[in-house]
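Here is the structure we will look at.
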Number of protein chains: 6
Amino acid sequence: MRDTLYVINPNSSQAVTAGIDAAMEPLRRAGGPRIECVTLADGPPGVQTQQDVDRAALSVLRFAQEHQDKAAGFVTACFSDPGLHMLRELPGVLSLGISECGALTAMTLGQRFGVVAILQGSIGRHWRTWGAMGITQRVAGEVAIGRGVTELTDREATLSAMIAAGKRLRDEHGANVLVMGCAGMAAYRAPLQDATGLPVVEPTQAAASMALGRIQLDW
Amino acid sequence: MRDTLYVINPNSSQAVTAGIDAAMEPLRRAGGPRIECVTLADGPPGVQTQQDVDRAALSVLRFAQEHQDKAAGFVTACFSDPGLHMLRELPGVLSLGISECGALTAMTLGQRFGVVAILQGSIGRHWRTWGAMGITQRVAGEVAIGRGVTELTDREATLSAMIAAGKRLRDEHGANVLVMGCAGMAAYRAPLQDATGLPVVEPTQAAASMALGRIQLDW
Amino acid sequence: MRDTLYVINPNSSQAVTAGIDAAMEPLRRAGGPRIECVTLADGPPGVQTQQDVDRAALSVLRFAQEHQDKAAGFVTACFSDPGLHMLRELPGVLSLGISECGALTAMTLGQRFGVVAILQGSIGRHWRTWGAMGITQRVAGEVAIGRGVTELTDREATLSAMIAAGKRLRDEHGANVLVMGCAGMAAYRAPLQDATGLPVVEPTQAAASMALGRIQLDW
Amino acid sequence: MRDTLYVINPNSSQAVTAGIDAAMEPLRRAGGPRIECVTLADGPPGVQTQQDVDRAALSVLRFAQEHQDKAAGFVTACFSDPGLHMLRELPGVLSLGISECGALTAMTLGQRFGVVAILQGSIGRHWRTWGAMGITQRVAGEVAIGRGVTELTDREATLSAMIAAGKRLRDEHGANVLVMGCAGMAAYRAPLQDATGLPVVEPTQAAASMALGRIQLDW
Amino acid sequence: MRDTLYVINPNSSQAVTAGIDAAMEPLRRAGGPRIECVTLADGPPGVQTQQDVDRAALSVLRFAQEHQDKAAGFVTACFSDPGLHMLRELPGVLSLGISECGALTAMTLGQRFGVVAILQGSIGRHWRTWGAMGITQRVAGEVAIGRGVTELTDREATLSAMIAAGKRLRDEHGANVLVMGCAGMAAYRAPLQDATGLPVVEPTQAAASMALGRIQLDW
Amino acid sequence: MRDTLYVINPNSSQAVTAGIDAAMEPLRRAGGPRIECVTLADGPPGVQTQQDVDRAALSVLRFAQEHQDKAAGFVTACFSDPGLHMLRELPGVLSLGISECGALTAMTLGQRFGVVAILQGSIGRHWRTWGAMGITQRVAGEVAIGRGVTELTDREATLSAMIAAGKRLRDEHGANVLVMGCAGMAAYRAPLQDATGLPVVEPTQAAASMALGRIQLDW
């Protein structure tokens, strides 16, 4: 029975998965599909390089193949959307990516979105994604907070860096909506929104909420 | 209490509203927001010209202002999305448009979407929308079925014209996903999909399903 | 007899209309069409929100319909060009918009134009226009002077804010031509040009001058 | 005294210049600048190759330098606009090109313009121009009539080829406005318009009419 | 000693590698880097799906890591360039992709290139690549010959399908240069060029020739 | 016998040609084509204005025509690529431009390139080139060092200005690869790379290395 939406955290960090799981809470409902957030034990601690992304892609695929018969849909919960286009080749199952849906959602909340990225080195890869999606015209810019995965545990410093990046995107790049360029940071959404005065898209929630609607439609 | 998603048909045709209402059925659920499809009595019989669109915009706004206190969200159920950007200025209520959401949804189902338009004269207006959305790179093309609103009641001829347009979009324009350029034609989605072998987006369902997710998130 | 070019100020400010009227002086000539600048009494004091724009659109249309038999052409003299695409449906009469013609003219004076906007909140709407026009590649950026309509009467402070915005567009955004993002500020054109060293387009003059040529050609 | 608008035919064909001159008739007026159409004796019989264009550029520049003190403005009356960007470096004189102004004018008459080109081999060069202008999104396509310069004297065959090209642009490429990709074919404008049902832009008239307005403004 | 340019055929077909190897002949020279064409035994028989591409990517990476100390550079010899962006993270070694270099080379031979694709299902993926490269404006279109990998051994039928596709790209899509959307078909380049009258880019040769120059520069 | 690659410095500065010649050293090889760097005695001292470019174009053409029978290829060694599209009309000889190849090469080294320009006034012209090439999406921006040709002899000040421009492109414009917007500055490549930490493309080397490969292929 295909009744589960799998939100796949392709890194091996349980803490990230826990953050994602908490962010799914408002989307869970009695009759709805189950939303199950999973950690891929064989993933890297953090997806940072292209090699991380492309290796994670096959782990994501393997997970999807193994759970296909129970899956109503899959969300790739990493801002590089590892494996997304492979998942789309699986017949009869919906797959959405968080950078994809984060961007598409931002496009309904403002005219030019800015991305609060984690690492400088990922920004070029993100631009390839915006180019492949054909939406670069809507991207105001990206600013990295420049903190490695392990440094993200210092929440106060992380939030403060995100707010600085958000303000720079607003004031220098002309963004009027922000996208958080990372899964599992939903807890920062409200304070970032308050501090910048701009709507902020948390991409995993954006993707999961779109997935639920599509599952209902059976598209 | 803000618990209703209003799907606003800005033309005065009850039949169109009935078609939309039927299309909402899979999206209704026990605990979820009510989905109410409304006909604007003061709208034109069909929204065809720019004047129709811009006049309808104010009717849509008036309806929204009057129902704002009960609204969890609004969907503008006409492919020219009349009034959408005005509705977005209303504080604390979500508004989504069907051409907008039809396109964004198509962008997750294929790389280049084709639009089955109703009238040749609307295509220029649609291109302005795709340009304003910054997504023209994803548009394979538009083909009109060239049937006036009153002629749409001949369902067999309409479907057959839609299939011809869909095949032309696929074979000459290179579309690998289709968007129906009209509200209230949900009944044609499945046969159009079968006949062309391409995924088909019914835009009112696309918009309503996105709206429901956003209402849950309270974004 | 269709011998008048109507330049329609869609807000209710006579002072703005007077400024526009003065700006038309170099374009008036003996044998040419009359240029009549009109204030729409039912317009808002200033067109600032999308609702202002869309409401003004219908006032503009009503005026045009009432004066169609005397009109050689219409210019929508507000940087959001309310009603422009409706006016274009009127048979046998030319209609041009000032943001449209301001941009097209700037494209002959420099490679990347910067817009001195009035309010931050309008910039997203302008980008939708540049997108619909398919010319975003030519837009260096927009900077708002951030002064409300009532504050524009302080001319010295307004000019000084425009110059600051113009220099920022030149130095940070790489603009090599400027467009004034507002009707009725023709008096600031020369000093803004002198202070920035860049050509400056006053959009109402740009639109009216193009309209006069088109009227001669009867296109 | 700078009171003449020079419309420069950079090829050596007097017949072409005569056609241009006739097309200027509606734009001439008592108090206005003189409009003088000139043939460059040292130009090629027809501007067809890039070498023709770049050689013509220097002839155009030389003419402009020699007539600068009498010039209110220059129009480069060849669809490759030879020398346009050099003329723009001359201080205090306006210069406009016909492909440039033909395109900008078309952008006010329809959403996607088609170009009726003369020779297949020029189309790549035109696309470079549309790219440099940043307006490719507005170009529906180009279709060449495939007739050499000497063959253009057969007017019936030429018109018939233009109509065929125009219909192909309308029906296959989705153009809703046409631009004639050649100077001096103004006589075909009306019949091409009638035959295709689309507005048709004659680019030399478009450029000259814009130039006259700009001369009045002294921009 | 890093003196070998590895041209990696990521599918397991020795025949394809042999074709590539023959195509490298004109690029080999006495003092130059060795050019070694390799077959990845663990690759799929043909790279057709996204899963094929993403699986091949890791095989390509593994090969590159194992041969890194002898490599002057790598060319990914499959039109989906599997692993290219991972290879670029390897320090001190050049990596180029054939679809990438095929397109970049075509951009110096014509204004709008057409791609003769093998399978219809790959075209969407190619468009994502052109989008990520930011060059969609230069793509006239793609036409697939619609022959599976095993059917490519019938050389006469394959060439005839390629010529038909090339002519369609030239006549319907306006291409003035062609790119062969597949590695190892160098033998068809000359006849395709002769039959269509357009320059034809064989992408593996394009990539290898660029790689040799870059190796000389040590970039 | 066509065995020489001519690298044409279209200005009359022998010092620039000497710099180019030194930069060609790593590309010369025993069996390879001769690489001959030439100064055009009739060129301007520096190519700065559009008039310089367009005049130089004809000198470049004349040189090419005179040396065509010995030429394996031509490189236009000025960042405005004077005459490039004329040279391409010469049958049977390859022609590449340095701004063209500098940009194409940068597109394989990073996602968004920044250009270190010499003069502010050239930047608009460069943007026309990027537009004509259809690659503006890949351009992060341009920053001029603002030094005239004669001031370039102060090498320390020039390098220091280039480094400042490069850092601004990296930090404010988001460039992750740089292109030197001038021929004959190869000596600065390594220090600019070291100081900014970004890969730097010297465009004459980029063009010559591509040309050598194409000569081998006889394309």
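The values are calculated or read from the model by the stated rules, or taken from the named source; none is laboratory data. This is a predicted model, so every value here is computed, not measured. So basically every Cβ, Gly included, is an ideal-geometry build from the backbone, and we count neighbours across all protein chains shown.
Select from the range C:160-186 the residues that are among the small types (Gly, Ala, Ser) and over 16 Å from C:Gly102 (Cβ atoms) and write down the one among them that is farthest from the chain's Cα centre (by Cα).
For the range C:160-186, the residue satisfying everything is C:Gly174.
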Could you check C:Ala57 against (1) away from chain B (no Cβ under 13 Å); (2) surrounded by 19 or more Cβ atoms within 10 Å (Cβ to Cβ); (3) part of a helix (DSSP H, G or I) and say which number it fails? (1)
For the range B:60-73, the count of residues that are of a type in the set (A, V, I, L, M) and free of Cβ contacts under 8 Å to residues at least 24 places away in the same chain equals 0
Qualifying residue in the range E:188-203 (condition: more than 30 Å from D:Val116 (Cβ to Cβ), at pLDDT below 95 and not assigned by TED's automatic domain parsing to the domain that holds E:Ala23): no
Show the residue pairs that are 6+ apart or on different chains and have beta-carbon atoms under 7 Å apart, the first residue being within the range E:37-59 and farther than 14 Å from E:Gly83 by Cβ, the second being in a strand (DSSP E or B). E:Cys37/E:Val7; E:Cys37/E:Asn9; E:Thr39/E:Asn9
Matching residues in the range D:103-148 (within 14 Å of chain C (Cβ to nearest Cβ) and over 18 Å from F:Arg128 (Cα atoms)) number 10
How about the range D:86-98: which of its residues are at pLDDT 95 or above and not in a strand (DSSP E or B)? D:Met86, D:Leu87, D:Arg88, D:Glu89, D:Leu90, D:Ile98
Considering the range C:71-92, residues that are more than 14 Å from chain B (Cβ to nearest Cβ) and under 20 Å from C:Gly213 (Cβ atoms), and then whichever is surrounded by the most Cβ atoms within 10 Å (Cβ to Cβ), we arrive at C:Val75
Which condition from (1) surrounded by 15 or more Cβ atoms within 10 Å (Cβ to Cβ); (2) within 14 Å of another protein chain (Cβ to nearest Cβ); (3) without any contact (Cβ under 8 Å) to a residue 60 or more places away in the chain is the one that D:Pro33 breaks? (3)
So, of the residues in the range B:8-21 that are in contact with a helix residue (DSSP H, G or I) (Cβ under 7 Å, 6 or more places away or on another chain) and either of a type in the set (Asp, Glu) or in a helix (DSSP H, G or I) (or both), which turns out to be surrounded by the fewest Cβ atoms within 10 Å (Cβ to Cβ)? B:Gly19
Residue tally, condition more than 16 Å from E:Val143 (Cα to Cα), touching a Phe, Trp or Tyr at 6+ places or on another chain (Cβ under 8 Å) and more than 9 Å from every other protein chain (Cβ to nearest Cβ), over the range E:178-219: 2
Going by the conditions given, is E:Ile8 assigned by TED's automatic domain parsing to the domain that holds E:Ala71 and in contact with a Leu (Cβ under 7 Å, 6 or more places away or on another chain)? yes
Limited to the range B:36-54, what total is found for residues that are within 15 Å of the chain's Cα centre (by Cα) and either surrounded by fewer than 19 Cβ atoms within 10 Å (Cβ to Cβ) or at pLDDT 95 or above (or both)? 5
So, in the range F:22-46, exactly how many residues are assigned to a loop (DSSP other than H, G, I, E, B) and over 18 Å from E:Arg29 (Cα atoms)? 7
Can you report the number of residues in the range D:99-124 which are under 27 Å from D:Gln14 (Cα atoms) and either outside any helix (DSSP H, G or I) or in contact with a Phe, Trp or Tyr (Cβ under 6 Å, 6 or more places away or on another chain) (or both)? 6
Within the range E:124-149, the residues that are in contact (Cβ under 8 Å) with a residue 40 or more places away in the chain and either β-branched (Val, Ile, Thr) or closer than 13 Å to E:Cys182 by Cα (or both) are E:His126, E:Thr129, E:Gly148, E:Val149
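When you look at C:Arg168, is it under 25 Å from A:Asp171 (Cβ atoms), not small (Gly, Ala, Ser) and not assigned by TED's automatic domain parsing to the domain that holds C:Gln14, yes or no?
Spelling it out, C:Arg168 is indeed under 25 Å from A:Asp171 (Cβ atoms), not small (Gly, Ala, Ser) and not assigned by TED's automatic domain parsing to the domain that holds C:Gln14.
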